[in-house]
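Shown next, in structure tokens, is the structure this report addresses.
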Amino acid sequence: MQGLMQDWPMLISRLIDHAERFHSQVEIVTETVEAGRHRYTYAECAVRSRKLAQALERLGINKGDRVGTLAWNTYRHFELYYGISGMGAVCHTLNPRLFPKDIAWVANHAEDQVLFFDLTFLPLVRELEKHFKTVKTFVMLTDQSNMPKSLPANYLCYEDLIDGGDGDYTWPALDENDAASLCYTSGTTGHPKGVLYSHRSTVLHAMAVIVSDAFNLSAIRTILPIVPMFHANSWGYPYTTAIVGCKIVLNGPHFDGKSIHTLIKEEQVHITTAVPTIWLGLLDYLKETGQDLEPLEGLGIGGAAAPAFMIKAFEDFGVNVHHAWGMTEISPVGTMGSMNSITARWPLEEQQKLKQKQGRGLFGVEMRIVVADGSEAPWDGKTFGALHVRGPWTLKRYYRANDSALDEDGWFDTGDVATIDEFGYMQITDRAKDVIKSGGEWISSIDLENAAMGHKDIARAAVIGRPHKKWRERPLLIVVLEEGAVLDKDSILKFLSGKVAKWWLPNDIVTVDEMPLSGTGKVKKTGLRETFKDHKWPDGG
Ligand code: AMP
């Protein structure tokens, strides 16, 4: 016997419809790319999203077509999330921090038809234009007064484009399993991989993270989600806020401590979230200026592990820290740190220690730890192994891949190594691969090694991540020199410039006589990490 309830497809367009009806007066505030602060309401956002959908139809965009964005967190990017997915196309957020050749590769792999981009990225887009194979139209996210002169005819102005519609548009009745958005992970080896979210996975994830033990959102709070809309859909904030109807503040291209603090104060922000690097900047600013964080109540840290000192520093300001773990492949939130009825009674110090763990799994994220022999590890907080997840917002296959990304029981191996304790708190202990996480972004050690190996003085190269105060981790290049060569760091750095992104350049270069090798002839990085565990960075970081 089947239940007798309605079929009501979980569509992204329903979120903005809901916001328009129930939160029509609530504000979306943006520190703009051009200059100044922009403010309007969910009702205005909804109308403009529909005008955008009309514009996309005029541009010949059909259901399932990919539409690229290269943009900061702004109200226009917010409209793109709804206009593109709502009309049935796929919103592909490109990460401008990727190396330009990777941006072009990703846009070509996704077969993006139109590219919407912020003024900031005009030089980059002009540089890449000839490498884009499918993008026919470029739309600058600005108005006519800020449009640069003498651009090719296929460069359009966003405000002019959407002005061509009246907003009288009915969202198509899509299947909830239709593709809605696309985000590429910064691949550690080989090319980045696409994660193709559906309407259903997006809406379920958005509904799940709202709860007070996760994002703790409500209509009376104001949220500043600093995590970029090009990084795993800004952890789903553009969707959750429309459900809840909280005021949302978008920081545009401004990530420094002063800008963030100004927004918290002037817009009376209650909750904010970002990667640890952003919080270092804010803490520095607070230290320099002696300011407080009133009325901030909650602060989310994710994307990389939250250091103990950071958790304590914010809690000393009276802010409740939530440590979250997730990944692009799981939409992205998997766990969130919050107390349960037992740990809530622990002394503050113990609670802060607990907050270094990445938190408990949300409903909708099944988890297990698998050890080397393939068996499941006990949840004892000590036994570590591969972290596997499963659930309705975890991917099953990468975009355009032939093979499933899951094992035969439907588990996805996250590539992270973790423990889970008896209360269900998960802690990442290591990364299965050797990527270096700098400021929340990944640096591929292999690519860096391969580039370094091209230098005439280098016989062997290995790159490991070492802790850095500002960036969390930075690359240390370890080389075996060719016979007779002497270490010339400047020459190596000069050689690497242009071959890898500037921010990938190693912070230091050291020599060893011989690389430690494993039984299969691979460089044993564990050995190198041990050797260089006390290495001091030249910049003191
Ligand atoms: P991305 O898909 O770029 O968001 O990267 C996901 C990866 O970032 C995860 O697989 C983890 O390795 C790492 N990560 C995310 N959150 C945390 C965290 N709170 N602590 C440690 N590592 C994290």
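Ordering Lys63, Lys265 by accessible surface, largest first, gives Lys63, Lys265; the 1.4 Å probe counts only protein heavy atoms, with every chain in place. Full extension of the segment from Ser145 to Glu34, taken as 0.36 nm per residue of separation minus the current Cα-Cα distance, would add 38.9 nm.
You can think of it this way: the chain between Ser404 and Lys502 has 31.8 nm of extra reach, that is 0.36 nm per residue less the Cα-Cα gap. Between Lys265 and Ala43, the FRET efficiency from the beta-carbon distance, with R0 = 25 Å, is close to 0.40. Modelled this way, with points 7 Å down the Cα-to-C-beta line, the labels at Met1 and His18 are 3.0 nm from one another. A Förster radius of 22 Å, combined with the Cβ-Cβ distance separating Glu349 from Asp534, puts the computed FRET efficiency at roughly 0.20. Each residue of the range 61-72 is assigned a 3J(HN,Hα), and the resulting list reads 6, 10, 3, x, 5, 8, 10, x, 10, 9, 8, 7 Hz, derived from the Karplus form 6.51 cos²θ - 1.76 cosθ + 1.60 (θ = phi - 60°), x at Gly and Pro.
Here the label points at Phe317 and Lys382, each 7 Å from Cα along the C-beta direction, are separated by 3.8 nm in the simple model. Structural descriptor for the chain: relative contact order 10 percent, calculated from alpha carbon pairs under 8 angstrom and at least 6 residues apart. Note on surface exposure: Ser331, Ser24, Ser497 rank Ser497, Ser24, Ser331 by accessible area, highest first, 1.4 Å probe.
Which one, Gln358, Ala377, His388, projects farthest toward the positive side of the charge dipole computed for the range 328-389 from Cβ point charges (K/R +1, D/E -1)? Towards the positive end, the residue furthest out is Gln358.
In the chain, helices alone account for a calculated mean residue ellipticity at 222 nm of -8000 deg cm²/dmol, with every DSSP H run of four or more residues adding -39,500 (n - 2.57).
Per residue, the accessible area of the range 434-531 comes to 51 Å² when a 1.4 Å probe rolls over the protein heavy atoms. Remark: spin-label model distance Glu482-Arg368 equals 5.2 nm, labels positioned 7 Å along the Cα→Cβ axis.
Can you tell me what share of the DSSP beta bridges in the chain is antiparallel? A percent to the nearest 5 is fine. Of all bridge pairs located within the chain, approximately 55 percent are antiparallel. For the set Asp163, Asp421, the ranking by accessible area, highest first and with no ligand, DNA or RNA atoms included, is Asp163, Asp421 under a 1.4 Å probe.
Placing unit charges on the Cβ atoms only, positive for Lys and Arg and negative for Asp and Glu, gives the range 120-234 a dipole magnitude near 580 debye about its Cα centre. Estimated from the Cβ-Cβ distance and a Förster radius of 25 angstrom, the FRET efficiency linking Asp160 and His131 is about 0.40.
The values are calculated or read from the model by the stated rules, or taken from the named source; none is laboratory data. Just so it is clear, the structure is predicted and the values come from calculations on it, not from any experiment. For neighbour counting, all protein chains shown are included, and Cβ atoms are generated from backbone atoms with ideal geometry for every residue, glycine included. Note: areas computed on protein heavy atoms with side chains; ligands, DNA, RNA excluded. Shrake-Rupley method; radii C 1.70, N 1.55, O 1.52, S 1.80 Å.
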